[in-house]
Amino acid sequence: MWQLLIEFSFSFLATAAFAIITNVPRKALIWCGLSGAFGWMIYWICLKYGGSAAFGSLLGSLGVAFASDCFSKQLKMPVTIFNIPGMVPLVPGGLAYQAVRNLVTGAYQQAAYFAVQAIMIAGAIALGLVISEVFNHNIRNFKVKRESILLKRKKKK
């Protein structure tokens, strides 16, 4: 239970701190922190139950994108205000550091392993954002088409 609280708290703080650095409006800071914490908790739970880091990052980025979309509609702000800081806890900075460190020290096999892991996680994050955007775009188009069909039916009557 304590581990869950610690994971949530630090992911929230990291996301909110990055949001402050990137000059996010004040009224969006808490929501940015929540989007990052939501994504990190999905990632962490996925890892806890045996999933890979890349799959956890994919699910986490989908969670951040979903939360960001909800918060942007609620606060009437651009979705990128919540997306960009929300992805910060998921970024594989430690793996990229390990890859470069092993490359410099001459451990090429370890460097390749860490580089491939970092690239897979970064790709999973990008894929999660793309999937979410395609899904949201299709939902919006469906709603617009449905409304136009209903309006045409009303005009015919």
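The values are calculated or read from the model by the stated rules, or taken from the named source; none is laboratory data. Just so we're clear, the structure is a prediction, and the values are computed from it rather than from any experiment. Cβ coordinates were reconstructed from backbone atoms using ideal geometry, including for glycine residues, and neighbour counts include every protein chain displayed. Heavy atoms of the whole protein, side chains included, go into the accessibility calculation; ligands, DNA and RNA do not. Shrake-Rupley method; radii C 1.70, N 1.55, O 1.52, S 1.80 Å.
Scanning the stretch 72-107 for residues that are open to solvent by 20 Å² or more (accessible area, probe 1.4 Å), within 13 Å of the chain's Cα centre (by Cα) and either among the polar types (S, T, N, Q) or within 17 Å of Ala16 (Cα to Cα) (or both) yields Val79, Thr80, Ile81, Asn83, Ile84, Val88, Pro89, Val91. Considering the stretch 20-38, the residues that are open to solvent by less than 50 Å² (accessible area, probe 1.4 Å) and farther than 14 Å from Ser72 by Cβ include one that is nearest to the chain's Cα centre (by Cα), namely Gly36.
Would you point out the residue of the stretch 2-15, among those that are surrounded by fewer than 21 Cβ atoms within 10 Å (Cβ to Cβ) and under 18 Å from Gly86 (Cβ atoms), that is modelled with the lowest pLDDT?
Glu7
Within the stretch 128-149, being open to solvent by 90 Å² or more (accessible area, probe 1.4 Å) and aliphatic (A, V, I, L, M) holds for one residue alone: Val144.
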